[in-house]
Amino acid sequence: MLTGDRVVPRAGDGVLARVRKLGQHEAIMRPDGRRAMLFEGDEILVAYGDRYAPDPFEGYVPDDLGPTHLLAAGGLAGTVISAHACMKAPTQIEPLGILTDARGVVTLKRCAPFTAVTPLDATTLRRVGKPLVIGVMGTSMNSGKTTTVAAIVRGLSKAGLVVAAGKVTGTGAGGDPMLFRDSGASRVLDFTDFGHGSTYMLEHDQVRALLVSLIDELAAGGPDVVVVEIADGLYQRETARLVADPLFKAHVDKVLFAAGEAL
C-alpha cells in the first residue's frame, strides 16, 4: 500500500480503510449485492470518488490520506462538505493506504471489464437495424427515473421484446442495476462497468464517451430495445451538458422525462 503524508488520492483509487464512527451509512454493499452491516473497527475496501446527490451528501476526493467519510453505501470514499438536513452525520473512516501491485496503484479503471471509447470508435450503432434507444431522465434525484426504466423494461419484455438496460451517469451502487435485471432486462451495464465509481466532476468528453460506449455495448447483444437512465436532474452540470450535446440526439431515439416536483 501507499501510505504517508505525501500521498495524494485520486478518484477511482482503491483504498483500505477502517471504520471509525458509524453515521448515515451503517452498511456497505458487497459485490454479490448483500448489504453487510458495519461495525466500528471493521476494515473495508472502497474507492475514492466525488459525489453530488441533493438528498444525501455532496463530497469530494480529499487531498491526503487523512480521516474522511463514506459517501455512499456502494463503497465511495470522500470528504463531505454539505448534506441534506435529514441526513445523519456521515460515517467516518480512516484510510490505511492506497492499494498497489506490480503495475502500480489499483484503480477502478484497471479492474473494469470495459473501456469507454470515443464516439467515433463505436461501431455497433452504425450497423443497419440498430435497436431503438430510449433515454430516461428527470428533474432531480428520486424523481422516478429508475422506477420508470424498470417499468419500461418490464412492459416491453412482457410484450415479447428483448430489452437491455443501463445507467450512464450517477453514483455507483448495486440497487438500480439489480432492479433492471429483476424487471426482465436481457443485459445490464452501468458506468461502473467502465471504471467509474461516480460520474460527478467528469469532463464532458468522458461523459459523452460513456453514453455512446454503454449504448454500443448493450446494442452488441442484439436486443430490440436499449433503455438508458441519465442520473440526477437537468440542472446538474454533467446532465445538462450531455442533453444539450448533438451526440445525445444522434444516439437516443426517444426520451421519457420523470418529474417529481413543480419543475
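The charge dipole of segment 51-182, taken about its Cα centre with unit charges on the Cβ of Lys, Arg, Asp and Glu (plus for the first two, minus for the last two), comes to roughly 780 debye.
Overall, the chain carries a charge dipole of about 600 debye about its Cα centre when +1 sits on the Cβ of Lys and Arg and -1 on the Cβ of Asp and Glu, all other atoms neutral. Straight-line cross-link partners of residue 21 among the lysines, defined as a Cα under 17 Å from its Cα and at least 8 positions apart when in the same chain: 88.
Net charge in the neighbourhood of residue 92 (other residues with Cβ under 11 Å of its Cβ; Lys, Arg +1, Asp, Glu -1) is +1.
Each of the peptides 94-104, 48-58 was scored by the mean count of other Cβ atoms within 10 Å over its residues; in descending order, highest first, they stand as 48-58, 94-104. Kirkwood-type hydrodynamic radius, segment 166-263: 14.0 Å, calculated from all non-identical alpha-carbon pairs. Quick one: plug the Kirkwood hydrodynamic radius of segment 36-134 (C-alpha pairs) into Stokes-Einstein at 4 °C, 1.567 mPa s, and report D in µm²/s. Answer from the Stokes-Einstein relation: 78 µm²/s. Ordering 9, 48, 155 by Cα displacement along the dipole of the chain toward the positive end leaves 155 in first place; charges were set at the Cβ atoms of Lys, Arg (+1) and Asp, Glu (-1). Our analysis of segment 180-220 gives Rg over Rh at 1.02, with the two radii drawn from alpha carbon positions and Rh computed by the Kirkwood formula. Within a straight-line Cα-Cα reach of under 12 Å, residue 145 can be paired with the following aspartates and glutamates, leaving aside sequence neighbours fewer than 8 residues apart in one chain: 176, 229, 232.
The relative contact order of the chain comes to 22 percent, based on Cα pairs under 8 Å that sit 6 or more residues apart.
A simple packing score, the average count of other Cβ atoms within 10 Å per residue, orders the peptides 174-182, 23-31, 206-214 as 206-214, 174-182, 23-31, with the highest score first. Axis of helix 145-158 versus longest Cα principal axis of the chain: the two differ by about 40°, to the nearest ten degrees.
Computed from backbone phi with θ = phi - 60° and the Karplus coefficients 6.51, -1.76 and 1.60, the 3J(HN,Hα) list for segment 132-138 is 5, 10, 10, x, 10, 9, x Hz; x is used for glycine and proline. Solvent-accessible area of segment 132-263 (1.4 angstrom probe, protein heavy atoms only): carbon and sulfur portion equals 53 percent.
For residue 140, the shell of other residues with beta-carbons less than 13 Å away shows a net charge of -2, using +1 for Lys and Arg and -1 for Asp and Glu. For segment 71-213, the Cα gyration tensor yields ellipsoid semi-axes of 29, 22, 14 Å (square root of five times each eigenvalue, largest first, whole Å).
On the basis of the beta-carbon distance and an R0 of 41 Å, residue 8 and residue 162 show a calculated FRET efficiency of 0.35. The angle separating the long axis of helix 204-219 from the principal Cα axis of greatest extent in the chain is about 60 degrees. To the nearest 10, the accessible area of residue 203 is 120 Å² with a 1.4 Å probe. Given a cut-off of 25 Å, name the pairs among 158/249; 167/254; 158/254; 130/167; 130/158 whose C-alpha atoms lie farther apart than that in the structure shown. In this structure, 158/249 exceed 25 Å between Cα atoms. Normalised by the number of residues in segment 127-222, the mean separation of alpha-carbon contacts (under 8 Å, six or more apart) gives a relative contact order of 27 percent.
Over the chain, accessible surface divided per residue gives 48 Å², non-protein components excluded, 1.4 Å probe.
For the chain, the residue among 114, 259, 218 whose Cα projects farthest onto the positive side of the dipole built from Cβ charges is 218.
Taking a Cβ cut-off of under 14 Å around residue 9, the surrounding Lys, Arg, Asp and Glu residues balance to a net charge of -4, with basic ones at +1 and acidic ones at -1.
Can you tell me what percent of all Cα-Cα pairs in the chain are more than 22 Å apart? Here the long-distance tail beyond 22 Å is 56 percent of all Cα pairs in the chain.
The values are calculated or read from the model by the stated rules, or taken from the named source; none is laboratory data. Predicted, not measured: the structure shown is a model, and the values here were computed from it. Don't worry about glycine lacking a Cβ; one is built from the backbone with ideal geometry, like all the others, and counts go over all protein chains shown. Only protein heavy atoms, including side chains, enter the accessible area calculation; ligands, DNA and RNA are left aside. Shrake-Rupley method; radii C 1.70, N 1.55, O 1.52, S 1.80 Å.
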